[in-house]
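Heads up: the structure comes next, in structure tokens.
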Amino acid sequence: MLKKTLPFIFLTVILLSACGAQTAESTTSTPSATTSPATNTPKPTSTPESDEMLTPTLEATIVPTATIPPPENALDCINEAAFVSDITIPDNSDLNAGQAFTKTWQIRNTGTCIWWSGYTLSHYSENALGAPESVPLPRTNSGEIADISIDLIAPDTAGTYQGNFVVKNPDGLIMKVDNDSRLWVIFNVKDSVAATSPANGSDPDPSKAACTFILDTARPAEVLSAINAYRAQNTLPAYTMNDQLVQAAQSHSQDMACNNLFVHAGSDGSTPQTRATSAGYSGAKVTENVYGSYPPLSPEEVKEWWRLDQVDINHNKNLISTQYTEVGIGYAFFNNYGYYVVVFGVP
């Protein structure tokens with residue numbers, strides 16, 4: 001009986017061992033089954049997204065630190081430009097009072113220097129029009145064309161306005177543009193008056209009936225201020241404005257504008273004296289300064305032109321005369337030209 005029992009016990013132990021081995025294998029393989037999906041799940045949802053997010057973050061960090069160095073211009077390179085066109089606000093455009101606008105010039109690099117952001121456009125003279133301190137130029141090689149834009153604001157009062165701007169190199173030196181250095185904007189916040197008759201009041205010439213000049217009521221006062229400042233430098237009393245002389249000066253400036261005149265004789269043969277007399281001026285003597293140009297000079301610039309004129313030195317003599325005591329000043333703008341007239345009188 002014992003002999004039969006031992007083999008049975010031995011067999012039972014073996015079977016139990018086999019069952020235990022299978023249980024261990026099941027226990028080991030179960031975590032593998034549960035771990036494997038857990039490991040695989042983040043791969044499509046987390047790891048690739050993390051990689052995709054890191055790439056642009058690195059690029060966004062690196063790109064701003066990369067700067068384009070200035071071009072290596074020769075020390076003796078030439079800075080010159082040529083005007084090509086007005087992309088926006090061509091001369092004599094009409095704008096609303098207080099209107100914000102962008103002026104864009106197109107110029108060609110005719111020099112040998114390469115322009116870059118170290119080259120700037122800035123206000124130079126006359127109306128600043130709310131211009132920023134400066135704007136950079138785009139990189140422009142020799143022979144290429146650049147568009148230069150600046151944001152401006154029109155004045156709130158009617159009149160003809162001009163702002164002059166210049167291009168400066170990185171050393172702050174003004175660049176030559178054609179035979180000038182200025183890029184200008186000229187526009188009207190306007191009161192327009194149609195010229196219906198020449199200065200003598202006769203019937204108008206039909207060929208001139210379309211002349212619509214622009215009045216700028218601010219300029220005559222600015223011219224007077226410039227002249228009187230010059231007189232003060234020479235310890236001379238200020239000129240006063242006379243209404244009759246103003247009428248005579250304004251009529252001739254309008255005649256000059258509509259007939260493209262740059263002389264003292266009117267289109268009707270009138271003279272400074274006859275125009276003053278027709279306006280009711282009873283003074284003993286009158287004389288006159290005239291000037292017209294495209295683009296119009298500023299009041300300060302036209303005073304300087306008369307002061308420095310060596311062809312007719314009477315222009316400067318009239319400015320600092322001790323004989324004349326009162327003046328009339330007129331200004332008219334037409335077809336992009338500005339025409340100034342100052343009549344000097346002795347009561």
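The values are calculated or read from the model by the stated rules, or taken from the named source; none is laboratory data. These figures come from a predicted structure and were not determined experimentally. Don't worry about glycine lacking a Cβ; one is built from the backbone with ideal geometry, like all the others, and counts go over all protein chains shown.
Restricting attention to the range 124-151, the residues that are under 30 Å from Asn73 (Cβ atoms) and touching a strand residue (DSSP E or B) at 6+ places or on another chain (Cβ under 6 Å) add up to 18. When Val311 is tested against (1) part of a strand (DSSP E or B); (2) more than 30 Å from the chain's Cα centre (by Cα); (3) of a type in the set (A, V, I, L, M, F, W, C), only condition (1) is not met.
Exactly one residue out of Ala248, Ala232, Ala257 is in contact with a Lys or Arg (Cβ under 6 Å, 6 or more places away or on another chain) and small (Gly, Ala, Ser): that is Ala248.
Checking each residue in the range 77-107 for being aliphatic (A, V, I, L, M), buried (at least 16 other Cβ atoms within 10 Å of the Cβ) and outside any loop (DSSP other than H, G, I, E, B) picks out Ala81, Ile107. Regarding Ala210, is this residue at pLDDT below 85, among the aliphatic types (A, V, I, L, M), part of a loop (DSSP other than H, G, I, E, B) and surrounded by 12 or more Cβ atoms within 10 Å (Cβ to Cβ)? Here the answer is no, as Ala210 does not meet what is asked.
Of all residues in the range 314-347, those satisfying the criterion of being assigned to a helix (DSSP H, G or I) and either among the β-branched types (Val, Ile, Thr) or under 35 Å from the mean Cα position of the chain (by Cα) (or both) are His315, Asn316, Leu319. Note on the range 222-236: residues that are of a type outside the set (Lys, Arg), assigned to a helix (DSSP H, G or I) and in contact (Cβ under 8 Å) with a residue 12 or more places away in the chain amount to 7. Among residues of the range 161-188 being aromatic (Phe, Trp, Tyr) and over 22 Å from Trp116 (Cβ atoms), the one that is surrounded by the most Cβ atoms within 10 Å (Cβ to Cβ) is Phe187.
Within the range 288-296, one or more residues are within 21 Å of Ile320 (Cα to Cα) and aromatic (Phe, Trp, Tyr).
Counting only residues that are at pLDDT below 95 and in contact with a His (Cβ under 7 Å, 6 or more places away or on another chain), the range 297-329 holds 1 of them. Residue selection: Pro198 fails the criterion of being assigned to a loop (DSSP other than H, G, I, E, B), surrounded by fewer than 20 Cβ atoms within 10 Å (Cβ to Cβ) and either modelled with pLDDT of 50 or more or touching a helix residue (DSSP H, G or I) at 6+ places or on another chain (Cβ under 7 Å) (or both). It is to be established whether one or more residues within the range 217-235 are at pLDDT below 90 and surrounded by fewer than 21 Cβ atoms within 10 Å (Cβ to Cβ). Yes. The single condition from (1) within 22 Å of Glu300 (Cβ to Cβ); (2) in a loop (DSSP other than H, G, I, E, B); (3) more than 12 Å from the chain's Cα centre (by Cα) that Pro138 fails is (1).
Within the range 275-299, being buried (at least 16 other Cβ atoms within 10 Å of the Cβ) and within 23 Å of Asp91 (Cβ to Cβ) holds for Val290, Tyr291, Gly292, Pro295, Pro296, Leu297, Ser298, Pro299. Only a single item in (1) more than 15 Å from Gly328 (Cβ to Cβ); (2) touching a residue at least 12 places away in the same chain (Cβ under 8 Å) is not met by Ala279, and it is number (1). A residue that is of a type in the set (Phe, Trp, Tyr), surrounded by 15 or more Cβ atoms within 10 Å (Cβ to Cβ) and part of a loop (DSSP other than H, G, I, E, B) can be found somewhere in the range 108-117. Scanning the range 237-257 for residues that are in contact with a strand residue (DSSP E or B) (Cβ under 6 Å, 6 or more places away or on another chain), within 22 Å of Thr322 (Cβ to Cβ) and either at pLDDT below 95 or part of a loop (DSSP other than H, G, I, E, B) (or both) gives Tyr239, Asn242.
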